[in-house]
Every structure is written in structure tokens, then in C-alpha cells.
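I have placed the structure first, in the form of C-alpha cells, so that the comments after it can refer back to it.
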Amino acid sequence: MTKLPDDIKEKYIEAGKIAATSLQYGASFIKEGKTLLEATEKAEKKILDMGGEFAFPPQISLNRIAAHYCADPDDDIVFKKGDVAKIDVGAMIDGYIGDNAMTVDVGGEHKDLVDASREALNAAIEKVRPGVTLGELGRAIHDKIQSKGFAPVRNLSGHALEQFVYHAQPNIPNFDTGDDTELEEGMVIAIEPFASSGAGIIFESDRGNIFSQVAKRNVRNVISRQVLKEVEKFENMPFTTRWLIKKFPAVKVNFALRDLMQNGIIRSYPPLPDRDSGLISQAEHTMIVEDKPIITTKI
Ligand code: CO
């Protein structure tokens with residue numbers, strides 16, 4: 001790969017700025033007594049107010065859940081002291097994505113865990129340049145998290161970004177896989193270490209409310225057909241139940257989503273809890289790979 005053209009670079013930088021501003025703003029509502037739904041909606045509104053589009057629905061995942069918890073339409077979760085809240089936000093300009101995440105330590109009882117993923121992210125960023133291998137990045141993350149007494153989550157990873165592709169190849173591992181694939185100039189990557197006080201292995205729980213369209217096909221049911229028309233407007237990018245409930249009654253949406261899943265037209269991304277119920281922290285930045293990388297989500 002070669003250097004990114006300036007106009008594309010500018011779009012990545014703008015998307016990164018929007019994603020970072022939304023992240024900070026959403027995080028400012030993660031406080032004891034406030035609701036997860038409000039913090040999520042604040043983050044969403046900020047992206048739209050700044051002229052961005054959603055790369056995926058903002059997510060706030062608590063405690064043992066590493067990722068992919070997205071507020072339900074009638075979500076009643078209230079933040080409480082001791083919560084470890086990961087907020088993950090992605091914004092898009094013309095399909096170019098800024099993806100970032102941070103952890104809020106509600107009540108201040110888990111500072112070491114929160115530091116572990118953030119310091120691991122910084123350790124990896126220090127190594128980012130054309131020619132560094134994926135294994136080296138993974139090792140930097142792994143070493144830092146282990147030195148703080150935690151386990152890196154091994155079956156979650158960072159990723160490259162491309163226009164309209166929020167998880168492109170290669171994956172950026174959170175441990176030393178020995179992969180000698182090298183970063184190249186002009187790549188755009190998101191590095192996202194997760195630190196766990198438990199197994200460092202996550203699994204897919206059963207029910208989620210983040211979806212994306214995976215096949216283009218007709219459905220017979222009238223309700224499903226109406227909802228599918230809206231789903232197609234997301235153009236294969238992830239969406240959530242709340243966005244559809246602005247257009248249709250909840251019963252219709254829930255029926256249609258189930259029907260579309262059964263027909264293999266959409267898939268869901270369920271919450272990802274730690275196998276041993278460990279607490280999990282996360283930190284993430286998006287960057288453009290150059291001799292001196294440009295961190296697009298740093299504000
Ligand atoms: Co990401």
C-alpha cells in the first residue's frame with residue numbers, strides 16, 4: 001500500500017474527530033444514577049449534530065460483558081457504583097470510519113483494570129509504523145496487560161478499516177500470535193485491547209439487538225417486508241432495534257427482526273461476556289499507518 005490520498009485522509013480525520021467527541025460526550029453521562037439509554041442517545045445525537053453518520057450503533061457494555069451491548073428501546077439499566085462501563089462509538093464520513101472506545105470506572109474501584117487496557121493501547125501505538133508485525137503489536141498489548149495482573153481477551157481483536165467496512169482484514173491481535181504480517185503505509189487500523197480479571201475468553205450470549213443485513217432476498221410476510229425496506233436503507237451497516245422503533249410499533253419490529261433472522265436476511269451480534277465472569281476494560285483508537293501514525297480519534 002501507499003500513502004493515502006489527502007482527500008481521503010481528511011475524511012478519516014473528520015470521522016475520527018466526530019467519533020472521539022461523541023465518545024467523550026457519551027462518557028460524561030456514565031455516572032451513578034444515570035441511565036445507559038440516556039448516555040447512548042447522547043452519543044448518537046452528537047454524531048448526527050456534527051454531520052457524521054453511524055458506522056455502527058453506539059454500545060455501552062457493563063462489567064463482565066466485553067462488547068456489543070446496545071440499549072434496548074425500553075432499557076432500564078441505571079449505572080451504579082462499581083460498574084466498569086465500556087463505551088464504543090463509530091462515526092463515518094462518506095464511508096470513512098473513526099472507531100474508538102474507552103472505559104468509565106463508575107465509583108473509582110477498578111482503576112488498575114481500566115489502566116491496563118489504556119496502557120496496553122498506548123504501548124501498541126508506540127510500535128505502530130510500516131513494517132511492524134501483527135505479532136509484535138499483540139505482544140506489546142499482552143505484556144502490558146499481564147504486567148498489571150490481568151488477562152488480555154484473546155478472542156477479540158482490533159482490525160483494519162476501509163470505506164464502509166468497519167471490520168476489514170487484517171485483525172490486530174491482543175496477544176502474540178506470531179503472525180509476521182507487516183503493517184503497511186496507508187493502512188487504517190483500530191487497535192482495541194481488552195483486559196479481563198477473569199478468563200480473557202469471551203463467548204456469544206444468546207440474544208442481541210445489533211443486526212446487519214447479510215443477504216438480499218424477499219420475504220413473504222407483509223410486516224417483515226415493510227421493516228426490510230427500512231433495513232435496506234442501512235446498506236449493510238449495523239443497526240439496532242431502537243432505530244426501527246422510530247418508524248414502526250415495537251411488536252412489528254420484534255416480529256420482523258425474528259422473521260428476517262430466520263430467513264437468513266439479517267444476522268445479530270449478541271453481547272459478549274467473559275467466560276469466567278471476569279470484569280473487563282477496553283480502550284480503542286483508530287489510526288492511519290505512517291512513519292509517524294496519525295491517531296484520528298485523539299482529541
Ligand atoms: Co473497533
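The values are calculated or read from the model by the stated rules, or taken from the named source; none is laboratory data. Since the model is a prediction, treat every value here as computed from it, not as a measurement. Virtual Cβ from ideal backbone geometry, glycine too; neighbours counted across all protein chains shown. Each accessible area value is taken on the protein alone, full model and side chains, heavy atoms only, with ligands, DNA and RNA left out. Shrake-Rupley method; radii C 1.70, N 1.55, O 1.52, S 1.80 Å.
Values computed for the structure shown
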| quantity | calculated |
| --- | --- |
| Sole residue being open to solvent by 60 Å² or more (accessible area, probe 1.4 Å), out of contact with any strand residue (DSSP E or B) (no Cβ under 8 Å at 6 or more places or on another chain) and more than 16 Å from the ligand (Cβ to nearest atom), chosen from 148, 144 | 144 |
| Sole exception among (1) within 16 Å of the ligand (Cβ to nearest atom); (2) outside any strand (DSSP E or B); (3) surrounded by fewer than 21 Cβ atoms within 10 Å (Cβ to Cβ) for residue 124, by number | (3) |
| Residue 25 being farther than 20 Å from residue 95 by Cβ, part of a helix (DSSP H, G or I) and touching a residue at least 12 places away in the same chain (Cβ under 8 Å) | yes |
| Any hit, the stretch 48-65, residues being more than 27 Å from residue 248 (Cβ to Cβ), among the hydrophobic types (A, V, I, L, M, F, W, C) and in contact with a Leu (Cβ under 8 Å, 6 or more places away or on another chain) | yes |
| Failed item in (1) of a type in the set (Val, Ile, Thr); (2) within 15 Å of the ligand (Cβ to nearest atom); (3) buried (at least 21 other Cβ atoms within 10 Å of the Cβ), with residue 210 passing the rest | (3) |
| Residue in the stretch 104-116 that is among the charged types (D, E, K, R) and open to solvent by less than 20 Å² (accessible area, probe 1.4 Å) present | yes |
| Leading residue by the ranking (farthest from the ligand (Cβ to nearest atom)) among those in the stretch 186-203 that are in a loop (DSSP other than H, G, I, E, B) and in contact with a Leu (Cβ under 6 Å, 6 or more places away or on another chain) | 197 |
